[in-house]
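The values are calculated or read from the model by the stated rules, or taken from the named source; none is laboratory data. Remember, predicted model here, so these are calculated numbers, not experimental data. Cβ atoms come from the backbone with ideal geometry, glycine included; neighbour counts cover every protein chain shown. Side chains included, ligands, DNA and RNA excluded: accessible areas come from the protein's heavy atoms. Shrake-Rupley method; radii C 1.70, N 1.55, O 1.52, S 1.80 Å.
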Amino acid sequence: NKFKEGLTKTRNVFVDRVDDLFSRRKKIDEEFYEELEEILIGADVGVSTVMELIEQLRSEVRKRKIEDPNDLQPVLSEKLTELLKGSEDSSIKLAPGGLSIILFVGVNGVGKTTTIGKMAHMYKSQGKKVILAAGDTFRAGAIEQLETWGQRVGVDVIKQQAGSDPAAVMFDAVQAAKNRGADILLCDTAGRLQNKVNLMEELNKIYRVIRREVPDAPHEVLLVLDATTGQNALQQAKMFGDKTGLTGLVLTKLDGTAKGGIVVAIRQELNIPVKFVGLGEKMDDLQPFDSEQFVHALFG
Ligand code: GDP
């Protein structure tokens, strides 16, 4: 299964350390908790979440009168699953009929274009007509890169030349999507960080143009985050958070990190659901996020 394969690094480091701790220690004492705390923080679970988790484990140990560390393993899995469960579900909201528009935001290099390509492939496989909008007109290579994905997946890309107004590209893209009877329009945006204020203004303008053309759109605004950047990813989410109307997160490159605990930190510290995770560079290396499957892939 995809999750299991993609989480190999996290399993090999984090889970192996947990397994080793649980089998090596004979007693659940202060040293045991300290070591577990260190392992969890090392996996990027996030300090405040780790503290909460340890408190919950202590209380379960008392309540269930657990003495053998091995018996605590299923409790840890259970608690991690609970922490990962969101109040909102992770499905992508699409228009009940007609055109759905999904806007992708995030800084350069996090895997935005790749995620758009993967999602185009996913929706196309479901028989939907997909169009891509090359809204990152700032970075010369970005348009070409999106076109390459368009060719690979076999979907149209709406673009203008580099340097043009991204809001104008979006306007064109929405018209094209309507005229061609598309079901889904996936919109790339710029991710330059040099000028945050300008970037946020640009994203707002794009948002307004889309909304003017399709009143309930964008149906989703997905922030793409790179799991290998750990706590930095959290900072990025906070930066984009209140300014762009985020509805969900995509966490990429989970296959590239041994610190998969970042998913737990993100779930706990941000009030935005993780909708998809990236588990590799290929077209089908994208999975809808599911907390039970995730924990099962780790410990199961
Ligand atoms: P963008 O600048 O945000 O559009 O980022 P790109 O889509 O160009 O991705 C940057 C790099 O990350 C590329 O080399 C991608 O192949 C790679 N990448 C994207 N998603 C994943 C993933 O889930 N796993 C791995 N291992 N690499 C990824």
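If Gly300 passes every condition in (1) at pLDDT below 90; (2) under 14 Å from the mean Cα position of the chain (by Cα) but one, which one does it miss?
Here Gly300 clears every test but (2).
Show the residue pairs meeting these rules: Cβ distance below 7 Å; 6+ apart or different chains; first residue within the stretch 275-293 and more than 10 Å from the ligand (Cβ to nearest atom); second residue among the acidic types (Asp, Glu).
Matching pairs, first to second residue: none at all.
Looking only at the stretch 118-138, which residues are within 13 Å of Lys159 (Cα to Cα) and in a loop (DSSP other than H, G, I, E, B)?
Asp136, Thr137, Phe138
Condition (residue is among the hydroxyl-bearing types (Ser, Thr, Tyr) and either assigned to a helix (DSSP H, G or I) or under 20 Å from Pro288 (Cβ atoms) (or both)) applied to the stretch 59-71: is it met by at least one residue?
yes
Output the number of residues of the stretch 87-109 satisfying the condition of being closer than 21 Å to Tyr207 by Cα, open to solvent by less than 40 Å² (accessible area, probe 1.4 Å) and either in a loop (DSSP other than H, G, I, E, B) or within 16 Å of the ligand (Cβ to nearest atom) (or both).
Qualifying residue count for the region: 9.
What single numbered condition from (1) open to solvent by 10 Å² or more (accessible area, probe 1.4 Å); (2) among the β-branched types (Val, Ile, Thr); (3) within 16 Å of the ligand (Cβ to nearest atom) fails to hold for Thr247?
Against the list (1) open to solvent by 10 Å² or more (accessible area, probe 1.4 Å); (2) among the β-branched types (Val, Ile, Thr); (3) within 16 Å of the ligand (Cβ to nearest atom), Thr247 comes up short only on (3).
Can you tell me which condition Ser59 does not meet? The list is (1) exposed (fewer than 15 other Cβ atoms within 10 Å of the Cβ); (2) touching a helix residue (DSSP H, G or I) at 6+ places or on another chain (Cβ under 9 Å), and all the others hold.
It is condition (2) that Ser59 fails.
Which count do you get for residues in the stretch 191-200 that are in a loop (DSSP other than H, G, I, E, B) and either of a type outside the set (A, V, I, L, M, F, W, C) or buried (at least 22 other Cβ atoms within 10 Å of the Cβ) (or both)? Let's see the steps before the verdict.
Within the stretch 191-200, the first condition is being in a loop (DSSP other than H, G, I, E, B), and the residues that meet it are 191-195.
Now restrict to residues that are either of a type outside the set (A, V, I, L, M, F, W, C) or buried (at least 22 other Cβ atoms within 10 Å of the Cβ) (or both): 191-192, 194-195.
Total meeting the criteria: 4.
Kindly indicate which of Lys112, Lys118, Lys178, Lys124 is within 11 Å of the ligand (Cβ to nearest atom), under 26 Å from Gly97 (Cβ atoms) and either at pLDDT 95 or above or of a type outside the set (Lys, Arg) (or both). Working first, answer last.
Numbers: Lys112 fails: under 26 Å from Gly97 (Cβ atoms); Lys178 fails: within 11 Å of the ligand (Cβ to nearest atom); Lys124 fails: within 11 Å of the ligand (Cβ to nearest atom).
That would be Lys118, the only listed residue that is within 11 Å of the ligand (Cβ to nearest atom), under 26 Å from Gly97 (Cβ atoms) and either at pLDDT 95 or above or of a type outside the set (Lys, Arg) (or both).
Residues Val274, Val209, Val295: which one is surrounded by 16 or more Cβ atoms within 10 Å (Cβ to Cβ) and either at pLDDT 95 or above or of a type in the set (Lys, Arg) (or both)?
On the way: Val274 fails: either at pLDDT 95 or above or of a type in the set (Lys, Arg) (or both); Val295 fails: either at pLDDT 95 or above or of a type in the set (Lys, Arg) (or both).
Result of the check over Val274, Val209, Val295: Val209.
Search the stretch 127-157 for residues being of a type in the set (A, V, I, L, M, F, W, C), under 21 Å from the mean Cα position of the chain (by Cα) and within 13 Å of the ligand (Cβ to nearest atom), and hand back the single one that is nearest to Gln194 (Cα to Cα).
Only one residue tops the list, namely Ala142.
Checking Ala167 against (1) within 16 Å of the ligand (Cβ to nearest atom); (2) of a type outside the set (D, E, K, R); (3) open to solvent by less than 10 Å² (accessible area, probe 1.4 Å), which test does it fail?
Every condition holds for Ala167 apart from (1).
Got a number for residues in the stretch 110-147 being of a type in the set (Ser, Thr, Tyr), open to solvent by less than 60 Å² (accessible area, probe 1.4 Å) and under 22 Å from Asp183 (Cα atoms)?
4
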